[in-house]
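*Asks:* One structure, as structure tokens, below. Some questions next.
Rule-based calculations on the coordinates, nothing more; no lab input. All figures in this text were calculated on a predicted structure; none of them were measured in a lab. As a convention, Cβ positions derive from the backbone with ideal geometry for all residues, glycine included, and neighbour counts pool all protein chains shown.
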Amino acid sequence: MNEIQDSVFILSLVLMAMVLSAFIFVALKSAHKEDYARVQPNAYRLRRILFGVIVVGGIFATIGTTRSLPYDVQHNRNAQQAAINVEGKQWYWGLSQDSVAKDTEVTFNVSSGDVNHGFGIYDSDLRLLAQTQAMPGYTNKLVHTFDRPGNYQLMCLEYCGLVHHGMIANFTVTETVTHSEL
Amino acid sequence: MNNLNLAPLPGSARTGILTYLSISAVVFLLMMLVGLTMRLAQAGWIGLPPDFFYQLMTAHGSGMVGISGLAASAVLWYFLRRYVELTVAVLWINLGLFLAGVVCVLGGIFVGGFGGAWTFLFPLPSTSMGVWGIWAAAFFMFGMLLIGTGFLIFYLDVARAILSKYGSIPRALGWPQLFANSDAPMPPATIVAATMVFVVNIMGIVAGAVVLAIMLINLFIPEFAVDALLTKNLIYFFGHVFINATIYQAVIAVYELLPEYTGRPWKVNKVFLAAWSASSLMVMAVYPHHLLMDFAMPTWAMVVGQILSYANGIPLVVVTAYGALTIVHKSGIRWDIASSLLFLSMFGWAAGVIPAIIDATVAVNNVMHNTMWVPGHFHFYLLVGLVAMLFGFMFYLVHKEEQGSSLVDRSAFWTYLVGSVGFAGMFLVSGMNSVPRRWAAHLPEWVTYSEIASVFAVLIVIGATAFALRFILRLPQARTV
């Protein structure tokens, strides 16, 4: 169960079903003819309510989702976390270390040695946990805390040429700190 | 000021419009077959070498966007000429440059082996690890430049025609009525939409031309340094604006034709004017939502991208989609293949933007960006929305009232509807399950999604084949007005 993806899917489905219901309702009523002067005022009244609901919903969604952004570390030079340097190259990931102990807050310093790549962290269930772009000339700092030990995969999420789909690296999260992570 | 010109189309203009649409119908079908081929390969039902898969992907992305732009410009031209004097020669110049550009693009892809995707993100065109040569990339990008040049000339003519009648962009957008309580007649919906389209599309195409020119120089003179993030901004600004402007001009068919089918006017009021003016600005400012995973971008740009993405949905849902529902509700509308497709298109657009808007939330984008969720939402509003709108317009031109709604038309409509909703839906399901987009080969865990999607893609191809054939076979009876 991955909360964000599943919630997003359900929310999308519910809202799309509401739009569909409106279209089906209107299509079913379309054969019946009524004076437009009678239809319009009711429709406009309902539109004002719809507008209000969307605006209020949008404001709440904005406030709720922007209080914490993944960019905070990128623009905060004083932040200190365990750091792993990642360089994307056609078609492999160069990592300064490929394992970390669970519950460590890791900053991945992600860059590219050639073209644009996308650095995506997948868990053992093949669910995407976080990502950032890897691009030439820039270092994007992605902070992630692994809360479960196990095998993870780093996959490319920006099209980068012939073996884009094969640009996968393994990453291990251990229960405790191992020698290589020191 | 709003007198309609309902004189028959000059012969060359009529031929031009029908040529645009015939080419579009055939290319839509071909590109759908390319899409089906890619899904079959991801399902493992056919074997495709990855270089060829990525060539097909490049052709599919650039081809679909380009041909949608061409078909939508025919919609714009057809209705706009009822209000202003457009130049027929420009219609042909655009088509000529488009076809010349297509030859270069296809040559770059299938002769030169270019597979850098429609996004041609710097420096991939020049850095393929020997898969394609510099000349292949150059041909592709030069072809895109030619196509853009044709469209630029087209929209400059639209701008000239509108401005020579309305005097200024604010007047054509109805700002005196909106902001100064002017009692002058409201500009027609088509004028407002066309003005918005030429304003944003000229900006978008120029941005695209700039980045193509920069990258073409860099191809041959690598010392001519290019910033990867700057080019990415320019490419996504161009791409976002162009495809959105394509939908905004195709929707003119809905504004013009639903009143004809329902006998009710599409009344332009202050809400309508405000919505279109707001959309003009937001369509240009919202593009950073494509760059939410480029952490080096300023945080404010990302937050603005998210907020404007939410806001940008309001004019569409509250004005255009809702307006279509209002005008059809209890109208006694005459249902035929054209009106059915136009009505469907409003559903496709309004429903398809929902997963798109949600994906513009930074926290969501963090786990959805560049997964199949993205082609999921844009295939929804392009297949069920835009393409339905365009086929609806094509049928309007060639369908006669006395022909009613035949069994073939109805079967094609439902086949296409089920196919396109199911196909886009499988992308969304794949995206929920984190399947990456633009992968030539899928992991075994993901193959089932591609298998189901392939079946839906076959339905789309069957429906679209029927649409295209019936349009082309009925061309001799096309309207002259």
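*Asks:* Calculate one ³J(HN,Hα) per residue across region B:149-166 by plugging θ = phi - 60° into the Karplus curve 6.51 cos²θ - 1.76 cosθ + 1.60, and present them in order as whole Hz with x for glycine and proline.
*Replies:* Along region B:149-166, the couplings run 5, x, 5, 4, 4, 4, 6, 5, 5, 4, 4, 4, 5, 6, 5, 5, 9, 9 Hz.
*Asks:* Further, regarding this structure: Taking amide H positions as placed 1.01 Å from N in the peptide plane, with prolines and chain starts having none, which residues 5 or more places from B:Tyr83, or on another chain, fall under 5 Å of its amide H?
*Replies:* Amide H neighbours of B:Tyr83, under 5 Å, 5+ apart: B:Asn5.
*Asks:* Continuing with the same structure: Under the definition of partner shielding as Cβ atoms of other protein chains within 10 Å of a residue Cβ, what is the mean value for peptide B:365-372? Show your work: numbers first, answer last.
*Replies:* On the way: counts 2, 9, 12, 6, 8, 9, 5, 0.
Mean partner-chain Cβ count within 10 Å for B:365-372: 6.
*Asks:* Continuing with this model, one more query. Rounded to the nearest 20 Debye, what is the dipole magnitude of the protein assembly as shown about its Cα centre when Lys and Arg each give +1 and Asp and Glu each give -1 at the C-beta?
*Replies:* 2380 debye
*Asks:* Compute the acute angle (0 to 90°) between the alpha-carbon long axis of helix B:270-285 and the principal axis of greatest extent of the alpha-carbon atoms of chain B; round to the nearest 10°.
*Replies:* Tilt relative to chain B: about 20 degrees.
*Asks:* Once a ≥ b ≥ c are taken as the square roots of the eigenvalues of the Cα gyration tensor of chain B, is the result rounded (a/c under 1.5), prolate (a/b larger than b/c) or oblate (a/b not larger than b/c)?
*Replies:* It is rounded, given that a/c, with a ≥ b ≥ c, falls under 1.5.
*Asks:* How about region A:75-144: which chymotrypsin sites (Phe, Trp or Tyr not before Pro) there lie in a loop by DSSP and see at most 15 other Cβ atoms within 10 Å? All intermediate terms of the calculation are to be shown ahead of the outcome.
*Replies:* On the way: sites: A:Trp91, A:Tyr92, A:Trp93, A:Phe108, A:Phe119, A:Tyr122, A:Tyr138; in loops: A:Trp91, A:Tyr138.
Answer by residue number: there is no such site.
*Asks:* Relative to the longest principal Cα axis of chain B, at what angle does helix B:252-262 sit, 0 to 90 degrees, rounded to 10?
*Replies:* 40 degrees
*Asks:* Place a +1 charge on the Cβ of each Lys and Arg in chain A and a -1 charge on the Cβ of each Asp and Glu, then give the dipole magnitude about the Cα centre in debye, rounded to the nearest 20. Walk me through the numbers on the way to the answer.
*Replies:* Working: 13 positive and 16 negative charges, 239 e Å.
So the dipole magnitude of chain A works out to roughly 1140 debye.
*Asks:* Still on this structure: So between B:Asp227 and B:Phe110, what do we pick up on full extension, going 0.36 nm a residue minus the alpha carbon distance?
*Replies:* Extra length from B:Asp227 to B:Phe110 when fully extended: 39.3 nm.
*Asks:* Also, I was wondering about something else. Taking the Cβ of B:Glu445 as the centre, find all other residues whose Cβ is under 13 Å away and add up their charges (Lys, Arg: +1; Asp, Glu: -1).
*Replies:* Summing Lys/Arg as +1 and Asp/Glu as -1 gives -2.
*Asks:* How many Cβ atoms of partner chains, on average, are near each residue of B:286-297 if near means within 10 Å of its Cβ?
*Replies:* Numbers: counts 0, 0, 0, 0, 0, 1, 5, 13, 9, 16, 11, 5.
Going residue by residue through B:286-297 and averaging, the value is 5.
*Asks:* Under the Kirkwood approximation for Rh and a Cα-based Rg, what ratio Rg/Rh is obtained for the protein assembly as shown? Walk me through the numbers before you get to the answer.
*Replies:* Working: Rg = 24.9 Å, Rh = 25.7 Å.
Over the Cα atoms of the protein assembly as shown, Rg/Rh equals 0.97.
*Asks:* Restricting to region A:82-181, what percent of DSSP beta bridges are antiparallel, rounded to 5?
*Replies:* Around 70 percent of the beta bridges assigned by DSSP in region A:82-181 are antiparallel ones.
*Asks:* Now a separate question. Expressed as a fraction of 2.2 N^0.38 Å, the rule-of-thumb size for a compact globular protein of N residues, what is the C-alpha radius of gyration of region A:82-181?
*Replies:* Normalised by 2.2 N^0.38 Å, the Cα Rg of region A:82-181 equals 1.00.
*Asks:* Average partner chain C-beta neighbours within 10 Å, per residue of A:16-26?
*Replies:* Mean inter-chain Cβ contacts per residue within 10 Å come to 6.
*Asks:* Right, something else. As I understand it, the dipole of region B:11-477 uses +1 on the Cβ of Lys and Arg and -1 on the Cβ of Asp and Glu, about the Cα centre. Which of B:His290, B:Val200, B:Leu397 lies farthest toward its positive end?
*Replies:* Most positive-ward Cα: B:Leu397.
*Asks:* How long are the semi-axes of the equivalent ellipsoid of chain A, taking √(5λ) for every eigenvalue λ of the Cα gyration tensor, in whole Å from largest down?
*Replies:* Values: eigenvalues 437, 71, 56 Å².
Rounded to whole Å, the semi-axes are 47, 19, 17.
*Asks:* Between B:Val304 and B:Asn181, what is 0.36 nm times their sequence separation minus the Cα-Cα distance? Round to one decimal in nm.
*Replies:* So the extension gain works out to 41.2 nm.
*Asks:* Let me have the 222 nm mean residue ellipticity of the protein assembly as shown computed from DSSP H runs of 4+ only, each contributing -39500 (n - 2.57), with the sum over all residues rounded to the nearest 500.
*Replies:* Per the formula, -20000 deg cm²/dmol.
*Asks:* Right, next: Roughly what angle does helix A:3-29 make with the longest principal axis of chain A, taking Cα atoms, 0 to 90 degrees, to the nearest 10?
*Replies:* 20 degrees
*Asks:* Shape verdict for region A:3-66, please, from the Cα gyration tensor: rounded (a/c under 1.5), prolate (a/b greater than b/c) or oblate.
*Replies:* On the way: a/c = 7.73, a/b = 1.76, b/c = 4.40.
The shape class here is oblate.
*Asks:* Under 20 Å from the 7 Å Cα→Cβ point of A:Ala37, by amide nitrogen: which residues of region B:267-281?
*Replies:* Only B:267-269 pass the distance filter.
*Asks:* OK, next. Want the number for B:Lys165 to B:Arg474: 0.36 nm per residue separation, take away the alpha-carbon distance, what's left?
*Replies:* Gain on stretching B:Lys165 to B:Arg474: 107.7 nm.
*Asks:* Hey, rough spin-label estimate for B:Ala89 and A:Ile168, points 7 angstrom out along Cα→Cβ, what's it come to in nanometres?
*Replies:* Distance between the two pseudo-spin positions: 5.9 nm.
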